[in-house]
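Each value in this text was obtained by applying a stated rule to the coordinates, not by laboratory testing. Only a predicted model underlies this, so the values are computations on that prediction, with no experimental measurement involved. FYI the Cβ positions are ideal-geometry reconstructions off the backbone, even for glycines, and counts take in every protein chain you see.
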Amino acid sequence: MDIEKLLNRRSARKEARKAKKKLAKVVNVARVKKVNKAKATEIADKVRKELEGNDSEEEAYFKELKQAKHKVLKEEIDVDDTEIRKYEKLLGLNRKKTKNVPQSIVEDGLGGEYISELIYLAYKEDIYGRKIDLKTGKVVEEGSTTRALQKLEELNKNNPAVAEERFKIGKALRGTVNRLNERTMVSGIKTVEELFNTSSHNDVKSIFYETFLKTTQTVYALPDRLVMEYAMFIALTHVNVSPEISSHFVESLAIHLVKEMDSEKDSDDKALENATALFCHLYNFKVIKAQFLIDLMTKMRNYAREKTVTLMVYVITYAGTNLKKRAGIVFQNFINESQNFFVKLPEAKKTSKMKFLIEDLLGIKNGVISSITSKFDESQLDYYGKLFKTLIKGTDHKEDELPFSLDDILHISERGRWWVVGSAWKPTEDKVGKVEEKKEKTSKFDSNLMELAKKAKMNTETRRNIFCTILSSEDDMEAFEKLLKLSLKGSQEREIIHISVVCTMMEANYNQYYSILIERFCHYHKRFTMTTQFAIWDRIKELGNLKKRQRINLAFLTADLIQMGALSLAALKVVNFGIIDVTTTAFLRRVFYRLFSKSTNSGLVEMFKKLIKSDGLKLLVDGLRLFFEISMKPESFDEPDAEGVIKKVDLVARILANAD
């Protein structure tokens, strides 16, 4: 009986909860229903009729109607609120009034503050000062290019820790520059590298530029030797530390130089001449491209003032010889254009000094510029050039010239710093289509080739470019040159070897094209040899997971690379000869059969004696000796041309037997 009462009580509670939910639903409906639609429609019709008529008191009457409408709406809201409170009391609720404004009231113009808040929340400002639409993620209002820097400066302005850190960086760099000479170059570079690795990159770059700028802002012309030392130090920083520093320096100095020339207030000091000479020697040390200097000279010429023409002649004096060697056609075209420009220049603009400079320029015939370049002692440049090559000789990675032009620097606000990885640049909406269209037009690979790259799981742009370049080249030399022109760095560069190995294993029949290509890269630089060795090791460790065709191609690739000297026999040291299985045995037999069939006796003797002499490869020597005794017996060869290989096997076996 107690159980029956308990069940009845639970059932009653359940019904009560259902009734309460229904009542709550009524409250929610009542909360939403705020306006009497019939009255609102009637008032709207009256307003429309009044607007259609041409009553002279239209504006005043419309205002009166609007006030009446608002009054009616407020009355209806009060009625609804009374009803809501009634049901809340019945339900035992004590809810606070919501701040949400119903849509009907917003449409009637009563939710102004609410709408303003929504508009404010619909947009946000990113870290670069641009207004972003939260729904679309698109830029609504472009921010100033300097706004982000201003924000950073504001944050750091009153930060004592940042100020102290910048002071330490500045002190270290000033000391380095003040003591700079050919004997302190190496220690100076180490100082910059240490600062760059342990401090804020932006602080190091900006203080590095400010330090050198102060050294060039003098009333007298700096000695040529000193300017060349400065330029060589910046070039060493570009190669040994980071191109970020050199690119920031060139960008900032170019903007400063152009700004000074734009001011049209030519001073008698030699600050601009020193900066121009520094640019020239940066070109001589291959930090900037020839086109950068040509653009700079063109801008100087177009100002057509005594100071700027003097600067243009400075460039020819200090960099003319190398411009003629490296970019002869472009330089000659500039000389011809300049001669035509000055011939047509009005006489009123020609001062006595300008006439003298113009005569020197007009005197250039058939590209002979010795009359101008003879003012500079190029033997000093030759000396510092040799010293520079000596200092970077042991560098594993040599940086290319900075890729941007003067025009790119002067239009950073529109184009962004595209040469900086991760540079924040987002084209405006009207330019997106043009950018995408340009990309489509410049696509240099066939659609079938791109589809093949997709099937081969080349899932990044870099991998696709390497893959398509390798497969679309006529021969290994063309592929080698094209891949170098991609100017890949670090891990991207290592993809060249990995993709070449993948292509080898994808082929139905072994293609020696890939081994020759890999061999070219291995002989080009030792870093490719290490990458190749690791790539082969990874595949040898996974032999059991490869198909038979892939194992055969890998064996032939390994043999060819060893035979051509791209790899040594140490590439086989990952094989565990103590627990060797059938798959690995077959792989090694193919490697050695191809290696012996393609190598001479003298080549094999040199190859295996070099292996024996290495103290760290004794386990490999013992393993190979065991392998040759068990798996490379003469009777195990059934190939038709095996006689010559058998003799070479005996030769190698004797060498290994005498290893002890």
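Here are the numbers for this structure:
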{"item": "Fully extended contour minus Cα-Cα distance, from GLU414 to ASN576, at 0.36 nm per residue", "result": "52.4 nm"}
{"item": "Fewest-first ranking of THR532, THR373, using other Cβ atoms within 10 Å as the exposure measure", "result": "THR373, THR532"}
{"item": "Burial ordering of THR310, THR583, THR276, THR469, fewest other beta-carbon atoms within 10 Å first", "result": "THR583, THR310, THR469, THR276"}
{"item": "Projected label distance in nm at ASP400 and VAL79, using a 7 Å step from Cα toward the beta-carbon", "result": "7.8 nm"}
{"item": "Farthest positive-ward along the stretch 448-657 dipole, Cα basis, beta-carbon charges - from VAL502, THR600, LEU449", "result": "VAL502"}
{"item": "Sorted by Cβ neighbour density within 10 Å, fewest at the top, the residues LYS598, LYS324, LYS389", "result": "LYS389, LYS598, LYS324"}
{"item": "Extension gain, ILE329 back to ASN181 (0.36 nm per residue minus Cα-Cα distance, nm)", "result": "49.7 nm"}
{"item": "Phi to ³J(HN,Hα) by Karplus 6.51 cos²θ - 1.76 cosθ + 1.60 over the stretch 471-487, Hz, x for Gly, Pro", "result": "7, 8, 6, 6, 8, 5, 5, 5, 4, 4, 5, 5, 5, 5, 5, 5, 6"}
{"item": "Gained length - LYS609 relative to SER199, 0.36 nm times residue gap less alpha-carbon distance", "result": "142.6 nm"}
{"item": "Per residue, the convex hull volume that the Cα atoms of the stretch 169-412 enclose (Å³)", "result": "127 Å³"}
{"item": "Vicinal HN-Hα couplings computed from phi for the stretch 264-279 (Karplus, 6.51 cos²θ - 1.76 cosθ + 1.60; Hz; Gly/Pro x)", "result": "6, 10, 6, 9, 8, 6, 10, 4, 5, 5, 5, 5, 5, 4, 5, 4"}
{"item": "Label-point separation in nm, ALA163 to PHE341, each point 7 Å along Cα→Cβ", "result": "4.6 nm"}
{"item": "Unit charges at the beta carbon, dipole of the stretch 169-412: most positive-side option, GLY170, HIS256, LEU222", "result": "LEU222"}
{"item": "Along each principal axis, Cα extent of the stretch 448-657, largest first, Å", "result": "50, 31, 30"}
{"item": "Inter-probe distance in nm under a simple model that places probes 7 Å from Cα toward Cβ, at ASP360 and PHE534", "result": "5.3 nm"}
{"item": "5 angstrom amide H check on LYS270, placed H, neighbours 5+ away", "result": "THR218, VAL219, TYR220"}
{"item": "Whole-Å semi-axes of the ellipsoid equivalent to the stretch 522-636 (Cα gyration tensor, √5λ, descending)", "result": "20, 18, 15"}
{"item": "For the stretch 300-314 versus the stretch 566-627, the gap between their alpha-carbon centres in whole angstrom", "result": "68 Å"}
